[in-house]
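I have placed the structure first, in the form of structure tokens, so that the comments after it can refer back to it.
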Amino acid sequence: MKEKTKKLIALIMAAVMLIGSGLTVGAAKAGDTENDDLKDIIDSNETLQTMTESMSLITYEAYKSKYGYIEDKDKTDADWGDFETTVDGVDYDAENTNAEVEVKEINGVEALVTPAEGSVAWKFDIPETGWYTVTFEYSAVDESKADIERLFRLNGIIPYSEARYMSMQRTWVYEYAGDTREDAFVPDVIGNELAPEMHTELTWETYTMKDFYGHYTKPLEFYVNEGEAIVSLQGVRESVAIASVKIHSVAKERTYKDVLDEYEEKGYKPAEGEAYMIEAELPESSSSVMIYPIYDLSSAITSPQHTTLIKRNTIGGDKWVSPGKWIRYEFKCEATGLYDIVTRYRQDAVNGMYTSRSIKINGEYPFEEAKNLRFDYNADWQVAPLTDGYDTFQFYFEKGETYVIELEVTLGNMAEIIRRVDQIIDNLNDDYMAILKLTGNDPDVNRDYGLSRIMPDVIVNLGGQALALESAVDYISEMNGIKSDNTATLEQAAVLVERMATDEAEIAANLGSLKEWISSLGTWMTNVSSQFVELDYIMIQPTGSELPQANASGWQAFIYEMQKFFASFYADYNSIGTESTEAGALSVWTSSGRDQAQIIKNLINEGFAKETGAAVELKLTAGGVLLQSILAGVGPDVSIDSQSPMEMAIRGAIVPLNKFDTFDEVMSRFSDSAKVPITLYGETYAVPTGQVPYFMFCRNDILSQLGLSVPETWDDLMSMVPVLQFNNMEIGMAQDFSLFLYQQGGSYWRDEGMANNFDSTLALDCFEYMCNMFTQYSLPVNFDGTNRFKTGEMPVLISGLDLYNTLQVFAPEISGLWGFYEIPGTLNEETGEVDHSCISFISGVVMPRGCANEELAWDFLDWYSDKDYQVDYANEMVALLGPSGKQALSNIEAMDELTWTESEYKTLQKVFSDTFAIEYFPGDYFVTRYVGFAFNSATTQGADPSDELLSYVSDINKEITRKRKEFDLMIDDEWSAIKDYTGFTTTTEWREFWASERGTDVNDNTAIRDIEDAEYTFRNWMEEHNVTVDNHQKWVRESNNGTTTLSYKEWTEQ
Amino acid sequence: MSKKKETVAVHNMSKAQWTWHLMKQYKVGYFMTIPFMILFFAFTVIPVFASVFVAFTDWNLLQTPNFVGFQNFITLFLNDDLFIIALKNTILFAVVVGPGSYIMSFVIAWFINELDPKVRAFVTLVFYAPSLTGSAYTIFQYIFSSDAYGLVNGWLMNFGLIDAPIRWFQTEQYIFPLCIIISLWMSLNTGFLASIAGLQGVDRAQYEAAAVDGITNRWQELWYVTLPNMKETLMFSAVLSITGAFGFGGIVTSMAGDPPTGYVGYTLTHHLGEYSGARMEFGYASAISFVLFLIQIGANMAINRALSKVGK
């Protein structure tokens, strides 16, 4: 029966292939004309339209079939070209260049420096039409940390999507303290080894066109017509110097068999000499500042190892997983002959699969198989000579020569599988969306949707995907020799898809599972793309020598563990770095994770401690202990990430920062709004470090399919609702009416926090507008935004930037299909401008009461909030957590140097420059609480939003007054009395009056606060003028009755 | 220890002398309780008394407190609407959940007691598991999720009973009943285990004796034999469940938020947390905790009196 079905599917498949290839040709033709229009799109801002267009770039596969590419295995000797033409960087094509270039000599090579903006072109003369690739010889020109990014164009167009984006890496050189392993790393006070410093070096590297994701291990090739060819690079990030540009054929590479034959021919013998060991943690250079020596404590024989101290004894691991990242080592041999390169490594990350590296010796691949070295999975450490799974490789080294070996991350043979699965995910996503549009996200199982009649192609396509998945499974198990949980994901997905394809009735019932499985496939892809290898050492040993020991023997392990156990009684693992007993050390507390604390600690050691010479003791504490510690008088000098500092500040437990000399300079690093919630009555109590606004995430693929665009205003957003709902989709909206209120210039507060402002028409309108979104437009109130965004049910979602990070990891299957934008705005009818300003939530660093050395602590805050630190920290977080660790910093300048792409950065810049924050005033917790109550009543009980909010106004004010009394602040009733007495309408007038009367500053708080030590405050003034709350109320009553016609001032004087 | 080393004339001694004499006699026992006593005093007794003192001040943790007399208590009873709501809710919870969980513990234990030992062990685990895991009630967040994909919402929508998801824990009328159901489900805790142990401890011979004495049905057996035999266990279990019910609040917080919409299900624990946390008014918070403490003591005494009537 199963055979029959398979045959049937095969038959259908054949039919689809025919139709499919027809479609591809059609698409390619369409692509032709589209590509011409694409010329300038990248210059303009990334609007939805350009997104859609750049998404319509054809793929490399389509490009190859369009121009008749012959795959390597089908090539005859005549098909391998050997053409090569080089143009010097300085001989650029001025006609097609609009960047401001300059000529500069770097390391004795004259080169063209191309800036981060504008494009540069080179002209070539191609004698014969054919397939060529392009190689650039480049060098960095400065010591910036960001990767160099460029857009590639051939004859003015981007040939296909894989060739669009280029990322050229810098060369990072390690700085060791000494020449031997023992003194290579600087120890900290306790003796733990610190990671070495690294700096970029201006070296000449080559970049041959390649796929950014490493899905193709060969260089990308282009079909270039005879005649003139123009290669151009458009700047995206950072300057780069180009020495030469070369168009050349991809040459056929030697196989290992050829190399062996050569060895035999020349009579090479195994070397006779000692093995040479390279400690992997001591490379010469690498391509990323994040590939620094790490440590392994698990194995007793990792070299070197220590029972209590941290020895940096390995490299790689999760910091060396993405394709293209390389590490270089140098060595010399004692004897001439054949050697094995043996590594001690651990690959315990990708179960049942192997990960890959390629090796270059002196900049060249020695043979084809060297591009696909295989590192098998095992929970333990392993020792093995370099192998591709079939042969173990021998290398010929000569005595006294210096050799450079370069290990680079590659996807190896997995590249093809990943490519295939990527394609399958795309196809399944399309099928899913097609079905979803007909059935909705919760299809009726018992209904016959007539899918085979309405969308036969979708069902046929599903069948095709099932077969494709099965063949992928076969391929993987063949390569790895075993089946594992990694192949199981593909197998199970295949079973489901096949069931849906063969039995139409199963489609509705399994639509939900299909969605889940698409997502699992995406996760699978991320997992297997991550090429984890942790290296302990590289042993260059004469061929035929015995392999070193891979793991500690039982006895060695036992001794090591016992030593560690006994050491645990006296070793201090907690204080990171400097000794905790050191007197006068600046104590800094953080309640972030241990990894984060370690990063902070390293940065303190490398930065602040070095610069100032001060000892810093960083302590990792549980959250919420700050208050108690201040109370007990054992608090820190600086507290990082403290919650609700203002509640403590108003009770005098936080040191105000305005008094420091460089205060204004430090604060100028942040947007104005960042200061707002940490400032009270002119005093600022924290230095902001994090700022979290909302963004609007859009599924561009869905919006463009539905003919919608990214909404500009809230009204635009609401007008999308009917279209989306018709397609069974919805919008994920944040429940925050401050967005509307502050965009229209409103506020939560009035009169410097003496009362809330919810009884104003504007506030009530805004609140009602928001509630209507959820009642009349029935937007969902509770939802799992990430999931629905991922599945496409919720193509528009207002959310914090953490969604960006989640999607990077959690939803690789939709990468490139979505973008984030400013939140919709409110149209200002007078000016015609749209106000996009967005609320942001601020976290900061504070200096608690009892700080022993305030000047030093301030220097620390200054350093901590500075661009350099913030950039380093953010980069370290990305290294630690991968793309999900990207940070949004409150330091505006720092944002520029992070790993955001240009368009992302533009959005971030726009959003951050346009934020607001809600002021803190005593009693603010009641405000948010009652807004929540009113919202809940309006949405669950069907109550009138305005009525609900109004009913809470007096409750909120009562609490505000109560709190203000506690802090001897002017309360609303007193203010009413003063207003009536003086005739002022705003507190500013009152403050000005107070300043002129008392001869003080306008910000003098005696005007509104009965400060204990002050000799004269507003209370004294009220007493003097016989202004009291009681008699004011009496006057109000009397004047309402008509008993008195006197003004309040006259009335009191009477 | 039971051997007396010297004979003393009890009638010659004052009460204090007699106590001192006994303490000397059992000094090893006292010595052994010292570690516990130190902790008990440092973290329970002293804080309790300290909080009584703090209740008469306006302490905010950070600044020097002022003595304010009975002001906190006066405000509490006369000028704090939330306190009255919290008190009402707390008592309501305690009255429903306290005896409810207590009776449930006992009745279920009684049923289980009849089972085969192996089956009994399994069933006990099933009933005890929710409270064993501590925060198992978060499963209800999934069951009663406000999302359209929540279990209950999903079912109701599938059956066509509702057409938009109900936001269970944000809708005032559902919060209270749902929280009571959850706390009853969670309430088969230590008291329940004690009841099982108590039932196991009843001497089988007494049932035979009772049968001879003329007991005719299981109810009489329960009332005249089982329960009087388990008085201490019952006491233990009752104190646990009823005082526990007064300290109720964690479930409401994690299901409906703190404070819950419209203060439905807002209990004294929340009120206490609000003043010590959000408003940083420790003096006032201490006054609240003192009142809660008195209520719990009162409840204990009531339980004592009620249980003394068992078997009579």
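The values are calculated or read from the model by the stated rules, or taken from the named source; none is laboratory data. Small disclaimer: the values here were computed from a predicted structure and weren't measured. Ideal geometry is used to build each Cβ from the backbone, glycine not excepted, and the neighbour counts take in all protein chains shown.
Descriptive notes on the structure:
- If you go through the range B:257-288 and pick out every residue that is on the phi > 0 side of the Ramachandran plot and either more than 10 Å from chain A (Cβ to nearest Cβ) or buried (at least 24 other Cβ atoms within 10 Å of the Cβ) (or both), you end up with 1.
- Matching entry among B:Asn89, B:Asn79, B:Asn72 (being within 21 Å of B:Ile295 (Cβ to Cβ), within 23 Å of the chain's Cα centre (by Cα) and polar (S, T, N, Q)): B:Asn89
- Considering the conditions (1) touching a residue at least 24 places away in the same chain (Cβ under 8 Å); (2) of a type in the set (Phe, Trp, Tyr); (3) closer than 30 Å to A:Glu364 by Cα, A:Tyr449 is excluded by exactly one of them, (3).
- Yes/no for B:Asp147 being within 13 Å of chain A (Cβ to nearest Cβ), out of contact with any Ser or Thr (no Cβ under 6 Å at 6 or more places or on another chain), among the acidic types (Asp, Glu) and in contact (Cβ under 8 Å) with a residue 12 or more places away in the chain: yes
- Residues (surrounded by 14 or more Cβ atoms within 10 Å (Cβ to Cβ) and more than 10 Å from chain A (Cβ to nearest Cβ)) located in the range B:152-161: B:Val152, B:Leu156
- Subset of the range A:743-792 (residues that are within 14 Å of another protein chain (Cβ to nearest Cβ) and polar (S, T, N, Q)): A:Thr775, A:Gln776, A:Ser778, A:Asn782, A:Thr786, A:Asn787, A:Thr791
- Lone unmet requirement of (1) more than 30 Å from A:Asp672 (Cβ to Cβ); (2) within 14 Å of chain B (Cβ to nearest Cβ) for A:Pro945: (2)
- Restricting attention to the range A:895-940, the residues that are out of contact with any Asp or Glu (no Cβ under 6 Å at 6 or more places or on another chain), over 23 Å from A:Phe740 (Cβ atoms), away from every other protein chain (no Cβ under 14 Å) and not aliphatic (A, V, I, L, M) add up to 10.
- Scan the range A:298-337 for residues that are without any contact (Cβ under 8 Å) to a residue 40 or more places away in the chain and closer than 27 Å to A:Tyr403 by Cβ and the total you get is 0.
- Elements of type helices (runs of 4 or more DSSP H) contained in the range B:1-112, each with 1 or more residues being aliphatic (A, V, I, L, M), surrounded by fewer than 17 Cβ atoms within 10 Å (Cβ to Cβ) and within 14 Å of another protein chain (Cβ to nearest Cβ): B:46-54
- Single unsatisfied condition, A:Asp955 versus (1) within 14 Å of chain B (Cβ to nearest Cβ); (2) under 47 Å from the mean Cα position of the chain (by Cα); (3) surrounded by fewer than 19 Cβ atoms within 10 Å (Cβ to Cβ); (4) free of Cβ contacts under 8 Å to residues at least 24 places away in the same chain: (4)
- Residue in the range A:707-718 that is out of contact with any helix residue (DSSP H, G or I) (no Cβ under 6 Å at 6 or more places or on another chain), surrounded by 20 or more Cβ atoms within 10 Å (Cβ to Cβ) and more than 14 Å from chain B (Cβ to nearest Cβ) present: yes
- Within the range B:242-268, the set of residues being assigned to a helix (DSSP H, G or I) and either without any contact (Cβ under 8 Å) to a residue 24 or more places away in the chain or not assigned by TED's automatic domain parsing to the domain that holds B:Pro99 (or both) comprises B:Gly250, B:Thr253.
- Residue in the range B:163-182 that is without any contact (Cβ under 8 Å) to a residue 12 or more places away in the chain, within 12 Å of chain A (Cβ to nearest Cβ), more than 30 Å from B:Thr243 (Cβ to Cβ) and buried (at least 18 other Cβ atoms within 10 Å of the Cβ) present: no
- Which numbered condition A:Thr961 misses (of (1) farther than 28 Å from A:Ser1039 by Cα; (2) more than 12 Å from every other protein chain (Cβ to nearest Cβ)): (1)
- Within the range A:500-551, being in the same structural domain as A:Thr392 (by TED's automatic domain parsing) and without any contact (Cβ under 8 Å) to a residue 60 or more places away in the chain holds for one residue alone: A:Glu546.
- Residues in the range A:607-629 that are of a type in the set (Ser, Thr, Tyr), farther than 15 Å from A:Ala857 by Cβ and outside any loop (DSSP other than H, G, I, E, B): A:Ser629 alone.
- Here A:Leu708 clears all of (1) at pLDDT 90 or above; (2) outside any helix (DSSP H, G or I); (3) of a type outside the set (Lys, Arg) except the condition numbered (1).
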